[in-house]
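Please treat every number below as a calculation from the coordinates, not as lab data. Since we're looking at a predicted model, the values are computed, not measured. Here the Cβ is made from the backbone with ideal geometry for all residues, glycine too, and neighbour counts use every protein chain on show.
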Amino acid sequence: MTAVFQDPIFQDETKAREALEAARWPNGVVCPHCGGVDKIAKVEGKKQSHRPGLFYCGMCSSQFTVTVGTVFERSKVPLTKWWMAAHLFNQGKNGVSAHEIHRTIGVTYKTAWFMMHRLREAMGSAEGLEPMGGAGHTVQADETYYGNSSKRAKHYRKGHSHKSGVIALVNPKTGEARAFAVNKATSKVVTEILRKNVDRKTTLVTDESPLYRKAGYKKHQKVFHTIKEYVNKEGFTTNNVENFFGNFKRGMKGTYRFCGEQHLQRYLNEFAFRYNNRSGLGITDGERTALAMKGIEGKRLTYRPTN
């Protein structure tokens, strides 16, 4: 066991539960059934039936613990191991494989794989967020394709090789990134994503790709990579969004190796979360882990096969 895992939240189930309560309810306990906050009491006593960390809500007469309504609900994995997995997940740029989680925290590979997908759900997505940018901001946009070689595709997909489109947006001023998995990056798809996610007053920065022509941004700067231009005459660049793609591709190639099409968006959410909460913005590994655990609410998953 490494020195970092000597922290009580990795060793003591009570400490792990209290840490999760602090992350989920920083302003006090909230009933997951009715949203009540005023008539909540901790259920205590010597009865064997009392679960540790049990609360009672006087507004809806229900009982609950911190895991109710979260990705951890009904999980048989101890919270200490969840904290360990979340920490491993958030201590580097490139993620961590299910095999490493399985070996390090002592769960089966299948359990480790499923835990990782639950944690990815906790990391959130761009759905429902306010548009990025605005007056005085730039947002860099770029697209790439992610897929598997025909050799791997033959093994996993019965000979069907497919590359999914990935569209990424990065605001250099705030350090925020968003990424989207699409079947194919077309002008229509790109325009829809931009209009939902980028304020129209923003200066949009792209390469010379024609995909962005119909988006309708009055302030649109282009960087012509075909002539080896990396900073245009006005000083604009797409370096930040390309760095995001670089981290994503290194992680997918070096750590995860294979990702089914149906799971790609979750992996993109994972890399966007770590990018948005990176050490370059002053966020420590521990703080990043706590932020990931804070996003557990309302995202319970049921098990599905990996392919």
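Of all beta bridges that DSSP places with both ends in the chain, some 75 percent have antiparallel geometry.
Take every DSSP beta bridge whose two residues both sit in region 138-262; close to 70 percent of them are antiparallel. Distance between the modelled labels on residue 77 and residue 199, one decimal in nanometres: 3.9 nm (7 Å Cα→Cβ projection). Computed about the Cα centre, the dipole magnitude for region 208-307 is approximately 220 debye when only Lys and Arg (+1) and Asp and Glu (-1) carry charge, each at its Cβ. Judged by a Cβ-Cβ distance under 4.7 Å, the unpaired cysteines of the chain are 259. Extending 7 Å from Cα along the Cβ direction at residue 279 and again at residue 220 yields two label points whose distance is 4.0 nm. Spread over its residues, the convex hull of the C-alpha atoms of region 193-307 is 180 Å³ per residue. Taking only the Cα atoms of region 138-262, the ratio Rg/Rh comes out at 1.01, with Rh defined as the Kirkwood radius.
Placing dummy labels 7 Å off each Cα toward the beta-carbon, the span from residue 239 to residue 27 is 4.0 nm.
Annotation: Cα Rg of the chain relative to the compact-globule expectation 2.2 N^0.38 Å equals 1.13. Note on residue 5 and residue 192: the extension gain reaches 62.9 nm, defined as 0.36 nm multiplied by sequence separation minus the Cα-Cα distance. Taking a ≥ b ≥ c as the square roots of the eigenvalues of the Cα gyration tensor of region 1-140, is the shape rounded (a/c under 1.5), prolate (a/b larger than b/c) or oblate? Taking the square roots of the gyration eigenvalues as a ≥ b ≥ c, region 1-140 is oblate.
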